[in-house]
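Below is one structure; the comments refer to it alone.
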Amino acid sequence: SSEYVRSIEEDVKWLGFEWAEERFASDYFEKMYECAELLINKGKAFVCELTPGQMREYRGTLTEPGKESPYRDRAPEDNLRLFREMKDGKYPDGAMCLRAKIDMASPNINMRDPVIYRISHEAHHRSGDKWCVYPMYDFAHPLEDAIEGITHSICTMEFEDHRPLYDWVLRETEWENPPKQIEFARLNITNTVMSKRYLKKLIDEGAADSWDDPRMPTISGLRRRGYTPEAIRKFCADIGVAKANSVVSIAQLESCIRDDLQLKVESRNVVFDPLKVVITNYPEGQTEQFEIENNPGHPEDGTRMVSFSRRLFVEADDFLEEPVPKYKRLYPGGPECRLKGAYLIRCTGCRKDEDGNITEILCTYDPDSRGGDPADGRKVKGATIHWVDADTAVDAEGRLYDNLFSDPDPDGADKNFLDCLNPNSLTVVEGAKVEASLASAMPGDSFQFMRLGYFCADKESNPDHLVFNRSVSLKDSFKVKK
C-alpha cells in the first residue's frame, strides 16, 4: 500500500534525514524474474503444486528432516513453461508456487526448498496489474542489495538463520562481489512491543486507535505524543548498537525527551482537577495583569501577561480540610502560600454543597506581596501553587498516557501479549482549566504544564475543543493520599 510508503517518507524526513535517491523493490521485478528463470534453467528451482497444508507437512521439524516434494524432479523446461504460465495469469492464487531446490534434510529449516515466488492476483501500488507473481522477501532482499551495489546489508538478529539462504541466492544467481549480510540486536524497549505484526494486531483488536496512537512505539505515534526527533536520535545514540539481545528501559527514552523539552518549551499554568478559590478581601470586579516568565530557567524565552482576579482555580489536591503531616499547601488556618508569580494567600475556610462536597476555598491575600517572588526575602512556610484565573480560563481536554503494557516483557516466552495490556494506559481528563494564552495553541505545539508534565497539542485540537497529550511526566514529587 502507498500508505506505508508515504508514512516511511514522512517519518524519515521528520527524524531529520534525506536521501539522494528513493528506490523501490518493484523497480527490480523484471531483474528478479530473470534471476528466477536462471535458477530454473540451472535446475535450482522448481514449480510445486503442493497445497500450503501439505507443504507444512513435508517441511519436517527442528529434529526431523523434511520430505521432498513429488514435483521436485520436474525437467527444467517443464518448470520454465509452468512458471511463465503463472506469470501470464493462467492459474489462481495458491495453485502453485516456485521453490528453490536446496536441501530438505538441512538442519536449517529456511534451506528446505523455500518458496521464492507466489501467485497473487492483486494490483501493486507502483506496477499496477502488470504482475500476478511476486517474489518472496528472502529471495527479493539479497537481489535488491546486489542490484543497488550494497556492500553490507544490516539486519536484526532474527535474520541470522536466513543468512545461508541470502548467500545461496546471490551465489546461484551468479553475482560478482555479492553483498554481505550482518546482523545486530534489534531495539527492544520495556513495556511495549516492537514487532510490526504485533502492532498491527493491537490496531485490529482495538487496543490502539491507529498507527499514530500516542501509546504506540511508532515514529508517528511518538511524534503525535510530542516527542522530538532530537530526543529520539539522542536515545538511539546513547544505547548504541550491539550483537547481544537486550532490553532498554522505557525510562531511558523518557529521560531523553524530558531533557530535550525542558530546554525548548515554555511553561503554562494548567489545572486538571480544578477547585475554585475565592479571595475574599480582593475587590469584586477588579482584575490585573502579571508579567510571568515563559520559562523560569531560561529568561531568553521572554515573558507573557497573565490575568488575575478575585476568583481562581487551583488543583484540588492543593487543599485539605484536615491536613496530613508535612502538608504545606492550603488548609484552614494554615501558613501563607505563594500563588506562582502573583500574591501570597492564606486559607481561611471553605464552602460546601448540601452533600458535604467542597465547592470553594476561601482565602485572603496580602496586597503588599505583589509578584509573589521568593526573592522578595519574605520567608513563607507554605508551598508555591500554580493557578489559573477563573474569569479568563479556557476549558481543555487532557490525555494522560502511561505504558501500553503493564508487563515489562509482554512478548516474552509463554505469554500472550494481549493479556499484558495496561487498562490504565490512557486517562482522559475533561474540564481542565488552562490559561487563555493556550487557546491559540496549534497541533504539535509543546509546553510544560506546571507540576503536570510536558504536553503537546493533539492533531484533533482546535480553538473550540483544545486537546493536549502528555508527552512525559515531570520527576516524581510529594503526593497526598486522601
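The values are calculated or read from the model by the stated rules, or taken from the named source; none is laboratory data. This one's a predicted model, so the numbers in the text were calculated from it and none came from an experiment. Please note: Cβ atoms are built from the backbone with ideal geometry, for glycine as well, and neighbour counts cover all protein chains shown. Please note that ligands, DNA and RNA were not included when accessible areas were found on the heavy atoms of the full protein model with its side chains. Shrake-Rupley method; radii C 1.70, N 1.55, O 1.52, S 1.80 Å.
Expressed per residue, the C-alpha convex hull volume of the chain stands at 201 Å³.
Measuring r between the beta carbons of ARG72 and ALA185 and using R0 = 35 Å, the FRET efficiency lands at 0.40.
Pair-distance distribution of the stretch 104-239: all C-alpha pairs, bin width 10 Å, starting at 0; shares per bin in whole percent are 10, 26, 31, 27, 7, 0. Of the accessible area of the chain, computed with a 1.4 Å probe over protein heavy atoms only, carbon and sulfur atoms account for 48 percent.
In straight-distance terms, cross-link reach from LYS201 covers every one of the lysines whose alpha-carbon lies under 23 Å from its own, apart from those fewer than eight places away in the same chain; here that gives LYS415. Taking 0.36 nm per residue of separation and subtracting the Cα-Cα distance, full extension of the segment from ASP366 to GLU288 would add 26.6 nm. Charge tally for ALA383 (other residues, Cβ to Cβ under 12 Å; Lys, Arg +1; Asp, Glu -1): +3. Each of ARG59 and LEU15 was given a label point 7 Å from its Cα along the Cα-to-Cβ line. The distance between the two points is 3.0 nm.
With Cα atoms defining each centre, the stretch 302-316 and the stretch 135-162 are spaced 59 Å apart in the structure.
Remark: the chain carries 52 Å² of accessible area per residue (probe radius 1.4 Å; ligands, DNA and RNA excluded). Full extension of the chain between HIS152 and LYS326 yields a length gain of 56.5 nm, computed as 0.36 nm times the residue separation minus the alpha carbon distance.
Backbone amide hydrogens, once placed in the peptide plane, bring CYS350 within less than 5 Å of LEU362, excluding anything fewer than 5 places away on its chain. Would you mind classifying the stretch 271-407 by shape? Square roots of the alpha carbon gyration tensor eigenvalues, ordered a ≥ b ≥ c; an a/c under 1.5 is rounded, otherwise it is prolate if a/b is larger than b/c and oblate if not. In terms of gyration-tensor shape, rounded. Distance from the Cα centroid of the stretch 400-447 to that of the stretch 198-245 is 13 Å (rounded to whole angstrom). The long axis of helix 2-14 is offset from the longest Cα principal axis of the chain by roughly 50 degrees. The angle between the Cα long axis of helix 137-147 and the longest principal axis of the Cα atoms of the chain comes to about 90 degrees, rounded to the nearest 10. Taking 7 Å steps out from each Cα toward its Cβ at LYS42 and CYS236 produces label points 3.5 nm apart. The accessible area of TRP168, taken with all protein chains in place and a 1.4 Å probe, comes to roughly 20 Å².
Checked against a 18 Å cut-off, the cross-linked pairs LYS87/LYS130; LYS90/LYS130; LYS328/LYS379; LYS264/LYS433; LYS13/LYS196 give Cα-Cα distances beyond that limit for LYS264/LYS433; LYS13/LYS196. Placing unit charges on the Cβ atoms only, positive for Lys and Arg and negative for Asp and Glu, gives the chain a dipole magnitude near 900 debye about its Cα centre. Between TYR198 and GLU354, the FRET efficiency estimated from the beta carbon spacing at R0 = 51 angstrom works out to 0.45. The simple spin-label model puts a point 7 Å past each Cα toward its Cβ; for THR303 and ASP103 those points are separated by 7.9 nm.
Ranking of HIS124, HIS152, HIS386 by solvent-accessible surface, largest first: HIS152, HIS124, HIS386 (1.4 Å probe, protein heavy atoms only, all chains present).
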